[in-house]
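Participant: My questions will all concern the structure given below.
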Amino acid sequence: MNAETKAAEAIRFVLNGKTVEFAVRPDTTALDLVRLHAGLTGTKEGCAEGDCGACTVLLRRGDGPRQAANACIMTAAQLDGTELTTVEGLKHDGALTPLQDAMAQNGSSQCGFCTPGIVMALTGLIEENPEPEETAIHDALAGNLCRCTGYRPIVEATKVAAKAKPASIARSVLPPLRSEIAVGGCVLHQPGDLAGLLELRGRYPDAVLLAGGTDLGVARADYHSGWDRIVSTAHVRELRAITATRDEWTFGAAVTWEEVLATVADDYPSLATLIRRFGSTQIRSMGTIGGNIGTASPIGDGPPPLIALGATITLASRADGERSILLEDFFLDYRKTAMRPDEVIISVTLPRLKDGELFRVYKLSKRYDQDISTVCGAFWLRMEGDTVSECRIAYGGMAAIPKRAKSSENKIIGRPLDSESTRAAVEALSDDFSPLSDWRGSAEYRMKAAGALIQRLAHDAAGETVEVMAL
Ligand SMILES: Cc1cc2nc3c(=O)[nH]c(=O)nc-3n(C[C@H](O)[C@H](O)[C@H](O)COP(=O)(O)OP(=O)(O)OC[C@H]3O[C@@H](n4cnc5c(N)ncnc54)[C@H](O)[C@@H]3O)c2cc1C
Ligand code: FES
Ligand code: FES
(Lines give C-alpha, C1' and ligand atoms only; values in the text may rest on other atoms or scores of the structure.)
(Ligands and ions follow the chains in the order given, each with its own letter.)
Protein backbone atom coordinates (compact mmCIF):
# COMPACT_ATOMS: atom_id res chain seq x y z
CA MET A 1 0.00 0.00 0.00
CA ASN A 2 1.41 3.41 -0.79
CA ALA A 3 2.08 5.76 2.08
CA GLU A 4 -0.84 8.07 1.22
CA THR A 5 -3.43 5.32 1.23
CA LYS A 6 -5.17 5.09 4.56
CA ALA A 7 -5.78 1.64 6.02
CA ALA A 8 -9.44 0.62 6.04
CA GLU A 9 -11.01 0.60 9.48
CA ALA A 10 -13.51 -2.23 9.21
CA ILE A 11 -13.86 -5.78 7.94
CA ARG A 12 -16.24 -5.76 4.96
CA PHE A 13 -17.98 -8.84 3.60
CA VAL A 14 -21.33 -10.21 2.49
CA LEU A 15 -23.29 -11.66 5.39
CA ASN A 16 -26.42 -13.62 4.47
CA GLY A 17 -26.76 -11.71 1.20
CA LYS A 18 -26.05 -8.17 2.44
CA THR A 19 -22.75 -6.31 2.38
CA VAL A 20 -21.82 -5.40 5.94
CA GLU A 21 -18.93 -3.74 7.73
CA PHE A 22 -17.75 -4.43 11.27
CA ALA A 23 -15.10 -2.37 12.99
CA VAL A 24 -13.68 -5.38 14.87
CA ARG A 25 -10.06 -6.33 15.35
CA PRO A 26 -9.08 -8.65 12.48
CA ASP A 27 -8.05 -11.30 15.04
CA THR A 28 -11.61 -11.50 16.44
CA THR A 29 -12.99 -14.97 15.81
CA ALA A 30 -15.60 -15.20 13.07
CA LEU A 31 -17.80 -16.92 15.66
CA ASP A 32 -17.65 -13.93 18.01
CA LEU A 33 -18.26 -11.64 15.09
CA VAL A 34 -21.47 -13.36 14.01
CA ARG A 35 -22.80 -14.09 17.52
CA LEU A 36 -21.73 -11.02 19.49
CA HIS A 37 -21.44 -8.30 16.87
CA ALA A 38 -24.01 -9.38 14.24
CA GLY A 39 -26.37 -10.88 16.85
CA LEU A 40 -26.79 -14.12 14.86
CA THR A 41 -26.82 -16.77 17.57
CA GLY A 42 -27.88 -19.75 15.44
CA THR A 43 -24.18 -20.56 15.00
CA LYS A 44 -23.15 -22.36 18.20
CA GLU A 45 -19.94 -22.67 20.16
CA GLY A 46 -19.14 -26.20 21.33
CA CYS A 47 -15.45 -27.07 21.52
CA ALA A 48 -13.97 -23.79 20.17
CA GLU A 49 -11.18 -25.72 18.47
CA GLY A 50 -12.53 -27.04 15.21
CA ASP A 51 -13.54 -30.47 16.47
CA CYS A 52 -17.33 -30.54 16.95
CA GLY A 53 -18.81 -28.63 14.00
CA ALA A 54 -21.42 -26.73 16.06
CA CYS A 55 -20.07 -23.46 14.64
CA THR A 56 -20.18 -24.52 10.97
CA VAL A 57 -20.88 -21.72 8.49
CA LEU A 58 -20.56 -21.52 4.70
CA LEU A 59 -17.81 -19.37 3.24
CA ARG A 60 -17.40 -18.36 -0.40
CA ARG A 61 -14.10 -16.90 -1.56
CA GLY A 62 -13.55 -15.57 -5.08
CA ASP A 63 -15.24 -17.69 -7.73
CA GLY A 64 -15.32 -20.77 -5.53
CA PRO A 65 -18.32 -22.63 -4.14
CA ARG A 66 -19.77 -22.05 -0.67
CA GLN A 67 -17.78 -24.33 1.61
CA ALA A 68 -18.35 -25.47 5.17
CA ALA A 69 -15.88 -23.95 7.63
CA ASN A 70 -15.51 -23.72 11.40
CA ALA A 71 -16.26 -20.18 12.59
CA CYS A 72 -14.62 -20.81 15.98
CA ILE A 73 -11.08 -21.06 14.57
CA MET A 74 -11.59 -18.64 11.69
CA THR A 75 -10.80 -14.98 12.23
CA ALA A 76 -12.50 -11.86 10.94
CA ALA A 77 -9.29 -11.40 8.94
CA GLN A 78 -10.40 -14.29 6.77
CA LEU A 79 -13.83 -12.77 6.06
CA ASP A 80 -12.87 -9.51 4.36
CA GLY A 81 -14.01 -9.66 0.71
CA THR A 82 -15.87 -12.98 1.11
CA GLU A 83 -19.46 -14.15 1.42
CA LEU A 84 -20.49 -15.74 4.72
CA THR A 85 -23.73 -17.60 5.22
CA THR A 86 -24.97 -18.55 8.67
CA VAL A 87 -27.95 -20.77 9.39
CA GLU A 88 -30.12 -17.64 9.56
CA GLY A 89 -29.27 -16.96 5.90
CA LEU A 90 -30.63 -20.26 4.56
CA LYS A 91 -34.35 -19.47 4.67
CA HIS A 92 -35.90 -18.09 1.49
CA ASP A 93 -39.06 -16.00 1.91
CA GLY A 94 -39.43 -17.41 5.40
CA ALA A 95 -39.47 -21.03 4.18
CA LEU A 96 -37.12 -23.72 5.44
CA THR A 97 -34.82 -25.36 2.89
CA PRO A 98 -35.68 -28.93 1.81
CA LEU A 99 -32.87 -30.17 4.07
CA GLN A 100 -34.14 -28.28 7.13
CA ASP A 101 -37.63 -29.52 6.37
CA ALA A 102 -36.46 -33.13 6.02
CA MET A 103 -34.46 -32.87 9.27
CA ALA A 104 -37.59 -31.63 11.06
CA GLN A 105 -39.83 -34.35 9.54
CA ASN A 106 -37.36 -37.20 10.14
CA GLY A 107 -36.73 -36.61 13.82
CA SER A 108 -33.14 -35.65 13.02
CA SER A 109 -32.77 -33.25 15.93
CA GLN A 110 -33.29 -33.75 19.66
CA CYS A 111 -31.66 -31.12 21.89
CA GLY A 112 -30.85 -29.20 18.69
CA PHE A 113 -27.45 -27.87 19.73
CA CYS A 114 -25.59 -29.54 16.88
CA THR A 115 -28.38 -29.02 14.34
CA PRO A 116 -27.44 -25.64 12.80
CA GLY A 117 -23.87 -26.86 12.26
CA ILE A 118 -25.07 -30.13 10.75
CA VAL A 119 -27.52 -28.31 8.46
CA MET A 120 -24.71 -26.03 7.25
CA ALA A 121 -22.27 -28.91 6.65
CA LEU A 122 -24.88 -30.88 4.71
CA THR A 123 -26.03 -27.81 2.76
CA GLY A 124 -22.41 -27.38 1.63
CA LEU A 125 -22.39 -31.04 0.55
CA ILE A 126 -25.67 -30.94 -1.40
CA GLU A 127 -24.72 -27.72 -3.19
CA GLU A 128 -21.52 -29.34 -4.47
CA ASN A 129 -22.87 -32.85 -4.91
CA PRO A 130 -26.67 -32.84 -5.42
CA GLU A 131 -26.89 -36.66 -5.41
CA PRO A 132 -24.49 -37.72 -2.66
CA GLU A 133 -23.74 -41.39 -2.00
CA GLU A 134 -24.06 -42.50 1.61
CA THR A 135 -20.25 -42.41 2.02
CA ALA A 136 -20.19 -38.77 0.86
CA ILE A 137 -22.84 -37.93 3.47
CA HIS A 138 -20.77 -39.62 6.18
CA ASP A 139 -17.64 -37.78 4.97
CA ALA A 140 -19.51 -34.46 5.14
CA LEU A 141 -20.60 -35.26 8.71
CA ALA A 142 -17.14 -36.33 9.91
CA GLY A 143 -16.56 -32.92 11.49
CA ASN A 144 -19.93 -32.67 13.24
CA LEU A 145 -20.67 -34.30 16.57
CA CYS A 146 -24.21 -35.11 17.66
CA ARG A 147 -24.39 -36.49 21.15
CA CYS A 148 -28.11 -37.29 21.36
CA THR A 149 -29.92 -37.94 18.07
CA GLY A 150 -27.57 -40.39 16.42
CA TYR A 151 -26.59 -40.08 12.80
CA ARG A 152 -29.03 -42.45 11.06
CA PRO A 153 -32.01 -40.00 10.97
CA ILE A 154 -29.65 -37.23 9.86
CA VAL A 155 -28.29 -39.33 6.98
CA GLU A 156 -31.83 -40.36 5.99
CA ALA A 157 -33.01 -36.74 6.00
CA THR A 158 -30.08 -35.82 3.75
CA LYS A 159 -31.09 -38.48 1.23
CA VAL A 160 -34.67 -37.17 1.22
CA ALA A 161 -33.49 -33.57 0.82
CA ALA A 162 -31.09 -34.49 -1.97
CA LYS A 163 -34.05 -35.75 -4.02
CA ALA A 164 -35.83 -32.39 -3.71
CA LYS A 165 -35.08 -29.77 -6.36
CA PRO A 166 -32.24 -27.68 -4.91
CA ALA A 167 -33.08 -24.01 -4.36
CA SER A 168 -31.08 -21.75 -6.69
CA ILE A 169 -28.34 -20.01 -4.78
CA ALA A 170 -27.99 -16.31 -5.37
CA ARG A 171 -24.29 -15.45 -5.67
CA SER A 172 -23.63 -12.05 -4.18
CA VAL A 173 -21.12 -9.69 -5.69
CA LEU A 174 -18.13 -9.81 -3.36
CA PRO A 175 -16.76 -6.52 -2.08
CA PRO A 176 -13.19 -5.88 -3.26
CA LEU A 177 -10.38 -6.82 -0.89
CA ARG A 178 -8.55 -4.00 0.85
CA SER A 179 -4.79 -4.36 1.10
CA GLU A 180 -4.60 -3.11 4.70
CA ILE A 181 -7.15 -3.00 7.51
CA ALA A 182 -6.33 -1.66 10.96
CA VAL A 183 -8.73 -1.85 13.89
CA GLY A 184 -8.07 -1.68 17.63
CA GLY A 185 -4.30 -2.10 17.36
CA CYS A 186 -4.45 -5.13 15.05
CA VAL A 187 -3.32 -4.65 11.44
CA LEU A 188 -4.21 -7.04 8.61
CA HIS A 189 -2.28 -7.04 5.33
CA GLN A 190 -3.80 -8.83 2.34
CA PRO A 191 -1.23 -8.89 -0.47
CA GLY A 192 -2.47 -10.09 -3.87
CA ASP A 193 0.85 -11.22 -5.30
CA LEU A 194 4.15 -12.75 -4.28
CA ALA A 195 6.14 -9.53 -4.57
CA GLY A 196 3.73 -7.89 -2.10
CA LEU A 197 3.89 -10.85 0.26
CA LEU A 198 7.71 -10.95 0.28
CA GLU A 199 7.89 -7.21 0.83
CA LEU A 200 5.62 -7.50 3.88
CA ARG A 201 7.38 -10.62 5.19
CA GLY A 202 10.72 -8.82 4.94
CA ARG A 203 9.36 -5.71 6.65
CA TYR A 204 7.43 -7.53 9.40
CA PRO A 205 9.14 -10.89 10.07
CA ASP A 206 7.34 -11.17 13.42
CA ALA A 207 3.84 -10.73 11.97
CA VAL A 208 1.53 -13.75 12.03
CA LEU A 209 1.69 -15.36 8.59
CA LEU A 210 -1.88 -16.59 8.20
CA ALA A 211 -3.01 -19.14 5.60
CA GLY A 212 -6.17 -21.15 6.44
CA GLY A 213 -5.79 -20.55 10.18
CA THR A 214 -6.73 -24.12 11.18
CA ASP A 215 -3.56 -24.45 13.26
CA LEU A 216 -3.12 -20.80 14.17
CA GLY A 217 -6.79 -20.42 15.11
CA VAL A 218 -6.58 -23.30 17.59
CA ALA A 219 -3.34 -21.98 19.10
CA ARG A 220 -4.90 -18.53 19.39
CA ALA A 221 -7.96 -19.93 21.17
CA ASP A 222 -5.88 -22.21 23.45
CA TYR A 223 -3.48 -19.50 24.56
CA HIS A 224 -5.97 -16.59 24.37
CA SER A 225 -3.34 -14.75 22.40
CA GLY A 226 -4.01 -11.67 20.31
CA TRP A 227 -2.26 -10.87 17.06
CA ASP A 228 -1.00 -7.34 16.47
CA ARG A 229 -0.08 -7.79 12.83
CA ILE A 230 -1.30 -10.39 10.34
CA VAL A 231 -0.02 -11.03 6.84
CA SER A 232 -2.49 -13.19 4.93
CA THR A 233 -1.33 -15.56 2.20
CA ALA A 234 -4.88 -16.45 1.17
CA HIS A 235 -5.11 -14.09 -1.81
CA VAL A 236 -1.56 -14.34 -3.13
CA ARG A 237 -2.00 -15.41 -6.77
CA GLU A 238 1.21 -17.42 -7.01
CA LEU A 239 0.48 -19.30 -3.78
CA ARG A 240 -3.00 -20.28 -5.00
CA ALA A 241 -1.77 -21.86 -8.25
CA ILE A 242 -1.77 -25.56 -9.14
CA THR A 243 0.38 -26.50 -12.14
CA ALA A 244 1.08 -29.82 -13.81
CA THR A 245 3.75 -31.01 -16.21
CA ARG A 246 4.29 -34.52 -17.57
CA ASP A 247 6.67 -35.22 -14.67
CA GLU A 248 5.36 -33.32 -11.68
CA TRP A 249 2.61 -31.46 -9.85
CA THR A 250 3.24 -28.12 -8.17
CA PHE A 251 0.88 -26.87 -5.49
CA GLY A 252 1.04 -23.27 -4.31
CA ALA A 253 1.42 -23.10 -0.54
CA ALA A 254 -2.06 -21.56 -0.09
CA VAL A 255 -3.84 -24.35 -1.97
CA THR A 256 -6.32 -26.01 0.39
CA TRP A 257 -6.42 -29.71 1.16
CA GLU A 258 -9.85 -29.96 -0.53
CA GLU A 259 -8.22 -28.58 -3.68
CA VAL A 260 -5.27 -30.98 -3.36
CA LEU A 261 -7.72 -33.85 -2.90
CA ALA A 262 -9.67 -32.92 -6.02
CA THR A 263 -6.40 -32.91 -7.99
CA VAL A 264 -4.54 -35.98 -6.79
CA ALA A 265 -7.29 -38.59 -6.72
CA ASP A 266 -6.21 -40.20 -10.02
CA ASP A 267 -2.44 -39.82 -9.75
CA TYR A 268 -1.96 -40.80 -6.12
CA PRO A 269 -5.07 -42.73 -4.96
CA SER A 270 -3.43 -43.72 -1.67
CA LEU A 271 -2.69 -40.06 -0.89
CA ALA A 272 -6.31 -39.19 -1.73
CA THR A 273 -7.51 -41.83 0.76
CA LEU A 274 -5.32 -40.23 3.42
CA ILE A 275 -6.54 -36.69 2.65
CA ARG A 276 -10.18 -37.81 2.99
CA ARG A 277 -9.24 -38.54 6.62
CA PHE A 278 -7.45 -35.22 7.08
CA GLY A 279 -9.56 -33.37 9.66
CA SER A 280 -13.05 -32.83 8.26
CA THR A 281 -14.55 -31.08 5.25
CA GLN A 282 -14.54 -27.88 7.32
CA ILE A 283 -10.81 -28.25 8.06
CA ARG A 284 -9.85 -29.28 4.53
CA SER A 285 -11.73 -26.39 2.94
CA MET A 286 -9.62 -23.88 4.90
CA GLY A 287 -6.38 -25.70 5.83
CA THR A 288 -3.58 -25.48 3.27
CA ILE A 289 -0.68 -27.64 2.18
CA GLY A 290 1.78 -24.81 3.02
CA GLY A 291 0.27 -24.33 6.47
CA ASN A 292 0.64 -28.04 7.21
CA ILE A 293 4.35 -27.87 6.36
CA GLY A 294 4.86 -24.47 7.99
CA THR A 295 3.43 -25.67 11.28
CA ALA A 296 6.07 -28.45 11.29
CA SER A 297 4.13 -30.78 13.54
CA PRO A 298 5.76 -34.18 14.08
CA ILE A 299 2.32 -35.74 13.57
CA GLY A 300 1.14 -33.69 10.57
CA ASP A 301 -0.27 -35.91 7.85
CA GLY A 302 1.18 -34.07 4.85
CA PRO A 303 4.93 -34.47 5.38
CA PRO A 304 5.32 -38.30 5.51
CA PRO A 305 3.69 -38.96 2.11
CA LEU A 306 5.26 -35.87 0.55
CA ILE A 307 8.73 -36.87 1.79
CA ALA A 308 8.28 -40.45 0.58
CA LEU A 309 7.25 -39.14 -2.85
CA GLY A 310 10.45 -37.06 -2.99
CA ALA A 311 8.73 -33.65 -2.76
CA THR A 312 10.69 -30.41 -2.91
CA ILE A 313 9.54 -27.11 -1.52
CA THR A 314 10.34 -23.67 -2.83
CA LEU A 315 11.02 -20.92 -0.32
CA ALA A 316 11.50 -17.25 -1.12
CA SER A 317 12.48 -13.98 0.49
CA ARG A 318 12.70 -10.44 -0.85
CA ALA A 319 16.43 -10.25 -0.03
CA ASP A 320 17.61 -13.58 -1.44
CA GLY A 321 15.00 -14.67 -3.99
CA GLU A 322 13.90 -18.28 -4.38
CA ARG A 323 15.50 -21.56 -3.34
CA SER A 324 14.25 -25.13 -3.53
CA ILE A 325 15.08 -27.88 -1.06
CA LEU A 326 13.96 -31.43 -0.48
CA LEU A 327 11.07 -31.41 1.97
CA GLU A 328 12.92 -33.96 4.13
CA ASP A 329 15.67 -31.35 4.69
CA PHE A 330 13.16 -28.69 5.78
CA PHE A 331 12.48 -30.19 9.22
CA LEU A 332 15.45 -29.71 11.56
CA ASP A 333 14.18 -30.36 15.08
CA TYR A 334 10.91 -30.20 17.02
CA ARG A 335 8.98 -27.38 15.28
CA LYS A 336 12.29 -26.00 13.95
CA THR A 337 12.66 -25.67 10.20
CA ALA A 338 15.14 -24.47 7.60
CA MET A 339 12.90 -21.48 6.80
CA ARG A 340 14.45 -18.10 7.64
CA PRO A 341 12.33 -15.41 9.35
CA ASP A 342 11.99 -13.37 6.16
CA GLU A 343 11.09 -16.38 4.00
CA VAL A 344 7.79 -17.93 3.01
CA ILE A 345 6.97 -21.28 1.47
CA ILE A 346 5.82 -20.62 -2.07
CA SER A 347 5.05 -24.11 -3.35
CA VAL A 348 5.44 -27.86 -3.03
CA THR A 349 6.44 -29.95 -6.03
CA LEU A 350 5.61 -33.65 -6.27
CA PRO A 351 7.10 -36.00 -8.87
CA ARG A 352 4.44 -38.01 -10.68
CA LEU A 353 4.57 -41.77 -10.27
CA LYS A 354 6.17 -43.67 -13.16
CA ASP A 355 5.77 -47.25 -14.33
CA GLY A 356 7.27 -49.66 -11.84
CA GLU A 357 6.81 -47.29 -8.88
CA LEU A 358 4.59 -48.08 -5.95
CA PHE A 359 3.32 -45.59 -3.38
CA ARG A 360 1.27 -46.20 -0.25
CA VAL A 361 0.51 -44.16 2.86
CA TYR A 362 -1.24 -45.43 5.97
CA LYS A 363 -2.59 -43.39 8.89
CA LEU A 364 -3.22 -44.85 12.33
CA SER A 365 -5.22 -42.70 14.72
CA LYS A 366 -7.29 -43.21 17.83
CA ARG A 367 -10.47 -42.36 15.95
CA TYR A 368 -11.00 -43.03 12.22
CA ASP A 369 -12.48 -39.62 11.39
CA GLN A 370 -11.32 -36.14 12.35
CA ASP A 371 -8.23 -37.20 14.27
CA ILE A 372 -4.54 -36.53 13.97
CA SER A 373 -2.24 -39.51 13.39
CA THR A 374 -0.62 -41.47 16.16
CA VAL A 375 1.64 -42.96 13.49
CA CYS A 376 1.62 -42.25 9.77
CA GLY A 377 3.82 -44.35 7.46
CA ALA A 378 4.47 -43.58 3.80
CA PHE A 379 6.30 -45.79 1.31
CA TRP A 380 7.61 -45.20 -2.18
CA LEU A 381 9.32 -48.08 -4.01
CA ARG A 382 10.80 -48.44 -7.47
CA MET A 383 10.76 -52.06 -8.61
CA GLU A 384 12.99 -53.69 -11.21
CA GLY A 385 11.36 -57.03 -11.77
CA ASP A 386 10.92 -58.50 -8.29
CA THR A 387 13.69 -56.39 -6.79
CA VAL A 388 13.29 -53.08 -4.98
CA SER A 389 15.82 -50.83 -6.69
CA GLU A 390 15.01 -47.63 -4.78
CA CYS A 391 12.90 -46.89 -1.76
CA ARG A 392 11.88 -44.05 0.53
CA ILE A 393 10.08 -44.70 3.81
CA ALA A 394 8.92 -41.76 5.93
CA TYR A 395 7.06 -41.70 9.21
CA GLY A 396 5.18 -39.15 11.26
CA GLY A 397 4.67 -39.66 14.98
CA MET A 398 7.95 -41.57 15.44
CA ALA A 399 10.34 -38.68 16.17
CA ALA A 400 10.39 -34.95 16.88
CA ILE A 401 10.12 -34.35 13.14
CA PRO A 402 8.63 -36.22 10.19
CA LYS A 403 11.58 -38.39 9.20
CA ARG A 404 12.87 -41.03 6.79
CA ALA A 405 13.64 -44.55 8.03
CA LYS A 406 16.95 -44.92 6.22
CA SER A 407 18.18 -48.03 8.06
CA SER A 408 14.93 -49.72 7.29
CA GLU A 409 15.09 -48.64 3.65
CA ASN A 410 18.55 -50.19 3.35
CA LYS A 411 17.21 -53.59 4.37
CA ILE A 412 14.81 -53.53 1.42
CA ILE A 413 16.85 -51.94 -1.36
CA GLY A 414 18.36 -54.51 -3.72
CA ARG A 415 16.09 -57.30 -2.47
CA PRO A 416 12.61 -58.57 -3.21
CA LEU A 417 9.94 -57.30 -0.83
CA ASP A 418 9.50 -60.69 0.82
CA SER A 419 9.10 -61.90 4.38
CA GLU A 420 12.86 -61.90 4.98
CA SER A 421 13.55 -58.31 3.83
CA THR A 422 10.37 -57.09 5.48
CA ARG A 423 11.37 -58.65 8.82
CA ALA A 424 14.82 -57.07 8.56
CA ALA A 425 13.28 -53.68 7.73
CA VAL A 426 10.95 -53.92 10.73
CA GLU A 427 13.89 -54.77 13.04
CA ALA A 428 15.93 -51.88 11.66
CA LEU A 429 13.27 -49.37 12.71
CA SER A 430 14.83 -49.34 16.17
CA ASP A 431 18.02 -47.89 14.60
CA ASP A 432 15.95 -45.14 12.99
CA PHE A 433 13.61 -44.19 15.80
CA SER A 434 13.13 -44.07 19.55
CA PRO A 435 9.62 -42.63 19.75
CA LEU A 436 8.04 -40.91 22.72
CA SER A 437 5.08 -42.12 24.72
CA ASP A 438 2.15 -39.73 24.95
CA TRP A 439 -1.62 -39.92 25.28
CA ARG A 440 -1.95 -40.92 21.64
CA GLY A 441 0.22 -44.01 22.02
CA SER A 442 3.11 -45.51 23.97
CA ALA A 443 6.59 -45.79 22.49
CA GLU A 444 6.12 -49.56 22.34
CA TYR A 445 2.82 -49.21 20.47
CA ARG A 446 4.39 -46.80 18.00
CA MET A 447 7.30 -49.15 17.22
CA LYS A 448 4.97 -52.10 16.74
CA ALA A 449 2.55 -50.09 14.64
CA ALA A 450 5.33 -48.70 12.44
CA GLY A 451 6.58 -52.26 11.84
CA ALA A 452 3.08 -53.51 11.09
CA LEU A 453 2.77 -50.84 8.40
CA ILE A 454 5.85 -52.26 6.61
CA GLN A 455 4.20 -55.68 6.71
CA ARG A 456 1.00 -54.17 5.42
CA LEU A 457 2.93 -52.59 2.56
CA ALA A 458 4.37 -56.00 1.63
CA HIS A 459 0.89 -57.55 1.57
CA ASP A 460 -0.43 -54.61 -0.44
CA ALA A 461 2.44 -54.86 -2.93
CA ALA A 462 1.71 -58.56 -3.35
CA GLY A 463 -1.91 -57.68 -4.08
CA GLU A 464 -3.17 -59.53 -1.00
CA THR A 465 -6.22 -58.20 0.78
CA VAL A 466 -5.41 -57.28 4.35
CA GLU A 467 -8.14 -56.99 6.91
CA VAL A 468 -7.09 -53.80 8.61
CA MET A 469 -8.48 -52.49 11.84
CA ALA A 470 -9.12 -48.78 11.49
CA LEU A 471 -7.31 -47.85 14.67
C1 LIG B 1 -10.06 -30.10 14.08
C2 LIG B 1 -8.75 -30.18 13.37
C3 LIG B 1 -8.40 -31.34 12.72
C4 LIG B 1 -7.17 -31.43 12.08
N5 LIG B 1 -6.84 -32.60 11.47
C6 LIG B 1 -5.63 -32.72 10.90
C7 LIG B 1 -5.25 -33.95 10.32
O8 LIG B 1 -6.02 -34.91 10.26
N9 LIG B 1 -3.99 -34.04 9.82
C10 LIG B 1 -3.11 -32.99 9.87
O11 LIG B 1 -1.98 -33.11 9.41
N12 LIG B 1 -3.45 -31.80 10.40
C13 LIG B 1 -4.69 -31.65 10.91
N14 LIG B 1 -5.04 -30.46 11.47
C15 LIG B 1 -4.07 -29.35 11.49
C16 LIG B 1 -4.25 -28.31 10.34
O17 LIG B 1 -5.55 -28.36 9.81
C18 LIG B 1 -3.26 -28.54 9.21
O19 LIG B 1 -1.94 -28.52 9.69
C20 LIG B 1 -3.41 -27.50 8.08
O21 LIG B 1 -2.84 -27.96 6.90
C22 LIG B 1 -2.79 -26.15 8.46
O23 LIG B 1 -2.95 -25.28 7.36
P24 LIG B 1 -3.49 -23.80 7.56
O25 LIG B 1 -3.52 -23.19 6.21
O26 LIG B 1 -4.76 -23.80 8.30
O27 LIG B 1 -2.32 -23.20 8.43
P28 LIG B 1 -2.29 -21.92 9.38
O29 LIG B 1 -2.95 -22.24 10.66
O30 LIG B 1 -2.74 -20.71 8.66
O31 LIG B 1 -0.71 -21.81 9.60
C32 LIG B 1 0.01 -22.85 10.23
C33 LIG B 1 1.49 -22.45 10.32
O34 LIG B 1 2.07 -22.46 9.03
C35 LIG B 1 2.65 -21.17 8.75
N36 LIG B 1 2.44 -20.92 7.32
C37 LIG B 1 1.26 -20.90 6.66
N38 LIG B 1 1.49 -20.66 5.34
C39 LIG B 1 2.83 -20.50 5.20
C40 LIG B 1 3.69 -20.21 4.09
N41 LIG B 1 3.23 -20.04 2.85
N42 LIG B 1 5.01 -20.11 4.32
C43 LIG B 1 5.52 -20.28 5.56
N44 LIG B 1 4.77 -20.57 6.65
C45 LIG B 1 3.43 -20.67 6.47
C46 LIG B 1 1.87 -20.20 9.62
O47 LIG B 1 2.60 -19.01 9.83
C48 LIG B 1 1.70 -21.04 10.87
O49 LIG B 1 2.88 -21.03 11.63
C50 LIG B 1 -6.28 -30.33 12.09
C51 LIG B 1 -6.65 -29.13 12.73
C52 LIG B 1 -7.87 -29.05 13.36
C53 LIG B 1 -8.27 -27.78 14.02
S1 FES C 1 -17.19 -24.87 18.23
FE2 FES C 1 -16.62 -26.92 17.88
S3 FES C 1 -15.86 -26.83 15.86
FE4 FES C 1 -16.24 -24.79 16.33
S1 FES D 1 -29.43 -33.13 18.67
FE2 FES D 1 -28.43 -32.91 20.58
S3 FES D 1 -26.34 -32.88 20.07
FE4 FES D 1 -27.29 -33.38 18.21
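Participant: Evaluate the charge dipole of the chain about its Cα centre and quote only its size in Debye, nearest 20, assuming +1 on the Cβ of each Lys and Arg and -1 on the Cβ of each Asp and Glu.
Facilitator: Charge dipole, the chain, about its Cα centre: 640 debye, nearest 20.
Participant: Express the accessible area of region 35-183 per residue in Å², computed with a 1.4 Å probe while the remaining protein chains stay in the model.
Facilitator: Working: 6540 Å² over 149 residues.
Averaged over the residues of region 35-183, the accessible area is 44 Å².
Participant: Let me ask something additional. With each run of n ≥ 4 DSSP H residues scored as -39500 (n - 2.57), what mean residue ellipticity at 222 nm is computed for the chain after dividing by its residue count and rounding to the nearest 500 deg cm²/dmol?
Facilitator: Numbers: 14 runs with 134 residues, N = 471.
Dividing the helical sum by the residues of the chain leaves -8000 deg cm²/dmol.
Participant: Show which lysines lie in cross-link reach of Lys448 when reach means a straight Cα distance below 22 angstrom and same-chain residues fewer than eight apart are skipped.
Facilitator: Lys363, Lys366, Lys403, Lys406, Lys411
Participant: May I pose another question? What ranking, highest mean first, results for peptides 456-463, 120-127 when packing means the other Cβ atoms within 10 Å averaged over each residue?
Facilitator: 120-127, 456-463
Participant: Additional query: Tally up the carbon and sulfur contribution to the accessible surface of the chain as a whole percent, 1.4 Å probe, everything protein left in place.
Facilitator: Summing carbon and sulfur atoms, their accessible area is 50 percent of the total for the chain.
Participant: Find out how many positive minus negative residues lie around Gly397, taking Lys and Arg as positive, Asp and Glu as negative, among other residues whose Cβ is under 11 Å from that of Gly397.
Facilitator: Values: positive: Lys363, Lys403, Arg440, Arg446; negative: Asp301, Asp438.
Within the 11 Å Cβ shell, the charges total +2.
Participant: Also: Given a 1.4 Å probe, how much area per residue of region 329-420 is accessible, in Å²?
Facilitator: Solvent-accessible surface per residue comes out at 44 Å².
Participant: Ranked highest first by average number of other Cβ atoms within 10 Å, how do 10-22, 324-336, 291-303 line up?
Facilitator: Numbers: 10-22: 18.2, 324-336: 14.8, 291-303: 22.9.
Sorting 10-22, 324-336, 291-303 by mean packing, highest first, produces 291-303, 10-22, 324-336.
Participant: Taking amide H atoms as placed 1.01 Å from N in the peptide plane, list the residues 5 or more away in sequence, or in a different chain, whose amide H sits under 5 Å from that of Val187.
Facilitator: Sorted by chain and number, the residues that satisfy this are Arg229, Ile230.
Participant: Give the cross-link partners of Lys159 among the lysines, using a straight C-alpha distance below 21 Å as the criterion and excluding same-chain residues fewer than 8 apart.
Facilitator: Within the straight-line limit of under 21 Å, Lys159 reaches these lysines: Lys91.
Participant: On to the next question. At R0 = 45 Å, how high is the FRET efficiency between His37 and Cys111 if r is their beta carbon distance? Nearest 0.05 is fine. Before the final figure, lay out each step's value.
Facilitator: Numbers: r = 26 Å, r/R0 = 0.58.
For His37 and Cys111, the calculated efficiency is 0.95.
Participant: Further, regarding this structure: For region 198-231 and region 39-90, write down the distance between their C-alpha centroids in whole Å.
Facilitator: Taking the Cα centre of each part, region 198-231 and region 39-90 sit 19 Å apart.
Participant: In addition: Arrange the peptides 65-71, 312-318 so that the one whose residues have, on average, the most other Cβ atoms within 10 Å appears first.
Facilitator: So the peptides 65-71, 312-318, ranked by packing, come out 65-71, 312-318.
The values are calculated or read from the model by the stated rules, or taken from the named source; none is laboratory data. The structure presented is a predicted model; accordingly, all values stated were derived computationally and were not measured. Using ideal geometry, Cβ is built from the backbone for each residue, glycine included, and neighbour counts are taken over all protein chains shown. Remember, those area values only see protein heavy atoms, side chains included, never the ligands or the DNA or RNA. Shrake-Rupley method; radii C 1.70, N 1.55, O 1.52, S 1.80 Å.
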